[in-house]
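Data first, discussion second: the structure below is written as structure tokens.
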Amino acid sequence: MNARQKRLFEDAKKKNPNLKMPQAGPVSNWTEEDLRLIKQGVGDKSGRPASAGGAPSTDSDTPSEEAGSVVTYFEEKGFGFLRPDNGGRDVFFHISRLNQGQASDLVPGARVVYELGMDRTGKMAASSVRVVPPPPPPAA
């Protein structure tokens with residue numbers, strides 16, 4: 001990991017204290033936790049649930065979910081940015097990390113829930129993005 005990636009990781013860790021960096025060393029010495037963190041890369045689809053309607057896991061190892069809204073989404077490029085509800089910098093997301101909802105739901109202002117992770121270049125990115133359906137209108 002180069003100096004820039006370390007600095008980005010430290011900045012990200014200030015915002016998300018649960019974020020952990022895989023330990024350096026041969027692959028044979030990596031723990032299951034280290035491998036899970038590496039699999040959070042933007043292009044990796046192994047972290048997706050088998051079915052979109054599956055029950056969420058309650059393991060303590062599961063990263064905490066963050067809420068936010070879509071700032072922009074470039075459909076022709078397949079990526080966009082989310083604005084966290086708790087403030088801070090906008091978070092990059094890729095369409096391959098959309099677990100629940102349709103690409104057509106990714107309009108500015110749409111509510112989403114996601115986990116923070118790192119993409120394959122070491123930058124902060126959203127993973128396991130779920131579009132939150134709008135609340136039903138009140139009964140008349």
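May I ask you to list pairs of residues, at least six apart or on different chains, whose Cβ atoms are under 9 Å apart, with the first in region 64-91 being free of Cβ contacts under 8 Å to residues at least 24 places away in the same chain and under 17 Å from Met118 (Cα atoms) and the second being of a type in the set (S, T, N, Q) and assigned to a strand (DSSP E or B)?
Final answer for the pair search is Phe81/Thr72; Arg83/Ser69; Pro84/Ser69; Asp90/Thr72.
Condition check: touching a helix residue (DSSP H, G or I) at 6+ places or on another chain (Cβ under 8 Å) and at pLDDT below 85. Does Gly101 satisfy that?
no
Across region 106-130, what is the total count of residues that are assigned to a loop (DSSP other than H, G, I, E, B) and either touching a residue at least 40 places away in the same chain (Cβ under 8 Å) or surrounded by fewer than 21 Cβ atoms within 10 Å (Cβ to Cβ) (or both)?
Looking only at that region, the number is 9.
Which one is nearest to Lys20 (Cα to Cα) among residues in region 82-105 that are surrounded by fewer than 19 Cβ atoms within 10 Å (Cβ to Cβ) and of a type in the set (Lys, Arg)?
Result: Arg89.
Would you check which residues across region 110-140 are basic (Lys, Arg) and more than 18 Å from Thr72 (Cα to Cα) and list them?
If the condition is that a residue be basic (Lys, Arg) and more than 18 Å from Thr72 (Cα to Cα), then Arg120, Lys123 are the ones that fit.
If Leu19 satisfies every condition in (1) modelled with pLDDT of 85 or more; (2) in contact with a helix residue (DSSP H, G or I) (Cβ under 8 Å, 6 or more places away or on another chain) but one, which is the exception?
Of (1) modelled with pLDDT of 85 or more; (2) in contact with a helix residue (DSSP H, G or I) (Cβ under 8 Å, 6 or more places away or on another chain), only one is false for Leu19: (1).
Can you confirm whether Lys6 is surrounded by 11 or more Cβ atoms within 10 Å (Cβ to Cβ), at pLDDT 60 or above and more than 19 Å from Val132 (Cβ to Cβ)?
For Lys6, the condition - surrounded by 11 or more Cβ atoms within 10 Å (Cβ to Cβ), at pLDDT 60 or above and more than 19 Å from Val132 (Cβ to Cβ) - is met.
The values are calculated or read from the model by the stated rules, or taken from the named source; none is laboratory data. The shown structure was predicted, so the numbers you read here are calculated from the model rather than taken from an experiment. Note: ideal-geometry Cβ built from the backbone for every residue, glycine included; neighbour counts use all protein chains shown.
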